[in-house]
Structures are given as C-alpha cells and as structure tokens.
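Heads up, the thing below is written out as structure tokens.
Just so you know, all these numbers are worked out from the coordinates, no wet-lab data involved. Since we're looking at a predicted model, the values are computed, not measured. A quick note on method: Cβ atoms are made from the backbone with ideal geometry, for glycine too, and the neighbour counts reach across all protein chains shown.
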Amino acid sequence: MNNLITLDLLPINTSGKIKKILSSGITRRRMLDLGLIPKTIVKPLMRSPSKDPTAYEIRGTVVAIRSEEAKKIIVERLYTIIGDI
C-alpha cells in the first residue's frame, strides 16, 4: 500500500512523516527553517474557513502553511488507530 501523499491532502488530526520537500529556493529554505525536514512528524490541526492556510503541529509548534506550499511536501500517512485505514 502506498501511503505517500502531499501534505495538503493529509486529513485533519492524522499524522504524517515528511519524506521529501519539492520546493526550491527561498521557499525551500523557509520550510527547512520551520522544521519541515525529512522524518519529521507533522499533523494538520485545523483549516481556516476559506480552507487556506492550514495550521500544522510541527515539533510541538503550530505553524500555518498555505496549500500552495503544502502541495510541494511529500508525506507518508501514519495510521495510529486500528480501523483508521
């Protein structure tokens, strides 16, 4: 089963592990500075009423990321509850 999706498709309150960042330049640098590096666990907490941006928990901190940037982050969805599949 392939659990790789982009960060913007990760459901609310479902954890994922960052696999790859496809951004480049200053956007990539910003993502790395925010702690979005491979193997980091990230969890979407809530979306704004307009659906953009989304608040993510990253290393104990809440960070808002726009869907345009989240689409360039590949994550592996982590299943933690039996029957969550």
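One chain, two ends: Thr27 and Arg59. Fully extended at 0.36 nm per residue, the span grows by 9.6 nm beyond their Cα-Cα distance. Considering only Gly25, Leu10, Thr54, the residue lying farthest towards the positive end of the dipole of the chain is Gly25, judged by Cα position with unit charges set on Cβ.
Other residues within the sphere of radius under 10 Å centred on the Cβ of Leu9, judged by their own Cβ, net out at +1 (K and R +1, D and E -1). When Rg and the Kirkwood Rh are both derived from Cα coordinates, the Rg/Rh ratio for region 17-66 amounts to 0.97. Stokes-Einstein diffusion of the chain at 25 °C, 0.890 mPa s viscosity, Kirkwood radius from Cα pairs, rounded to a whole number: 191 µm²/s. Stretching the chain fully between Ser15 and Leu78 yields a gain of 22.1 nm (0.36 nm per residue, less the alpha carbon separation).
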